[in-house]
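Asker: For reference, the structure I am asking about is given below.
The values are calculated or read from the model by the stated rules, or taken from the named source; none is laboratory data. Predicted, not measured: the structure shown is a model, and the values here were computed from it. Please note: Cβ atoms are built from the backbone with ideal geometry, for glycine as well, and neighbour counts cover all protein chains shown.
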């Protein structure tokens, strides 16, 4: 009877079978083009409505497929992407509950869990985990595979997510799932109750009272207090009146009553409640539960030695199983084209998404290449400028050396003696150290010659032989020296720009000033200004 309880509960959780079985189902992709442009919210609302109507489950699958495939659209908002993940979980639910394709169900649900975790969509993740638990539960009962612990693990993950998010309704659904799978493990049930207390689950949460009454029932049964266990089944029946789809819960409660009666040795009442469970299963077309009830009949009558009854129920069990398999085969034949076309849509969506991702990475790679080429071009341009500047300096140095040699030839026949040269040298230095004179725009070689009382030719000779410079070189050197002093004097010249200082010392162009400044000091005017303002250099 415990198997009956388990399979009935799973049917409640996932609505494996539903009423209205005789209604025609329409496997059609005709609405796809009309629905493809509908807003996501509209499609999700339709999907939720269709999923509750057995004859429109194909429409539910179609709605959710459209939304799920929108996940690959990079223009989606976070909320729309979360809806796409919910839709994937819904598709898994539909394959599980209606199309009997457990592999497809598992694939969609795992995909939903992975993407929900990637995008931190905890509620969507919990929803998918709960459905994975349902899948593992059904696989254990239908395929005789031991997946109970996997189911419990999935339910527990969903349980903790919903508790942390304070989604109490969903949390209690997960708690009841855990309970039915681990009813005989007091440690698990105690942990659930501890969590309910620790998280302060509101007392008016649906299914909380139902859960607590079930726990009391289990404890009374384990303690051998079967009268109290039966009384608690009556209390559970009262809770069922407040729960949706209570007809399915009634099967579970009938199974509990039958189990307690069997433990009390009242076989007649055990059969009575089993009969009642079967009546409900047949009334509501829940064939999987009816099949397991027939299996329970077979085991019971075999135990009591009624071979005829045992054989009859064993035959009924296989008839139900054959009927279910036949129904599944017919369903697959009718829906084969629909599911095949839908699969093509999913494949096309994934291929389009893959192409979009490739183009995205290609565009990023191309952009990175363009940026790299741009940076390299700038680097090479700057290096080229530096080389050109070095070439100019080398050329100028060469020209200066040539001019020096020419000057020596020019002044070979000069009448200036060494004493006169020394005297003129001292006079030239004194004049050049007067910024108010040399920073004038009109200051030239002739003016310098007049100030030191000699001829321009004699000035050029002294400059060449004693300073190793021509007049322009010496003037630029002294003007740059004064510019450095003014740049460093923030108190008096801090309000002036580089251009203003250049003009104040006699340079007519910024480029000429910058070139001479870099040649003489080794720094650009801007670099020199930054160093001058550095507190560490203030004391130098």
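Asker: If you go through region 281-300 one residue at a time, how many are in a loop (DSSP other than H, G, I, E, B) and either touching a helix residue (DSSP H, G or I) at 6+ places or on another chain (Cβ under 8 Å) or at pLDDT 85 or above (or both)? First the steps, then the outcome.
Answerer: Quick first cut of region 281-300, residues in a loop (DSSP other than H, G, I, E, B) only: 284-286.
Narrowing further to those that are either touching a helix residue (DSSP H, G or I) at 6+ places or on another chain (Cβ under 8 Å) or at pLDDT 85 or above (or both): 284, 286.
Matching residues across region 281-300 total 2.
Asker: Say whether the condition of being over 28 Å from residue 391 (Cα atoms), touching a helix residue (DSSP H, G or I) at 6+ places or on another chain (Cβ under 9 Å) and either modelled with pLDDT of 95 or more or surrounded by 14 or more Cβ atoms within 10 Å (Cβ to Cβ) (or both) is met by at least one residue in region 467-484. Break it down into steps so the answer makes sense when it comes.
Answerer: Step one: filter region 467-484 for residues over 28 Å from residue 391 (Cα atoms), giving none.
No, there is no match, as no residue in region 467-484 is over 28 Å from residue 391 (Cα atoms), touching a helix residue (DSSP H, G or I) at 6+ places or on another chain (Cβ under 9 Å) and either modelled with pLDDT of 95 or more or surrounded by 14 or more Cβ atoms within 10 Å (Cβ to Cβ) (or both).
Asker: Let me ask something else. Determine which member of the set 217, 226 is within 17 Å of residue 189 (Cβ to Cβ), surrounded by 14 or more Cβ atoms within 10 Å (Cβ to Cβ) and either in contact (Cβ under 8 Å) with a residue 24 or more places away in the chain or in contact with a strand residue (DSSP E or B) (Cβ under 6 Å, 6 or more places away or on another chain) (or both). Lay out the reasoning, then the answer.
Answerer: Working: 226 fails: within 17 Å of residue 189 (Cβ to Cβ).
So the residue among 217, 226 that is within 17 Å of residue 189 (Cβ to Cβ), surrounded by 14 or more Cβ atoms within 10 Å (Cβ to Cβ) and either in contact (Cβ under 8 Å) with a residue 24 or more places away in the chain or in contact with a strand residue (DSSP E or B) (Cβ under 6 Å, 6 or more places away or on another chain) (or both) is 217.
Asker: What number of residues in region 201-224 are within 33 Å of the chain's Cα centre (by Cα) and at pLDDT below 95? Let's see the steps before the verdict.
Answerer: So the first thing to find is which residues in region 201-224 are within 33 Å of the chain's Cα centre (by Cα), and the list is 201-202, 205.
Imposing the further condition that a residue be at pLDDT below 95 reduces the set to 205.
Number satisfying all stated conditions: 1.
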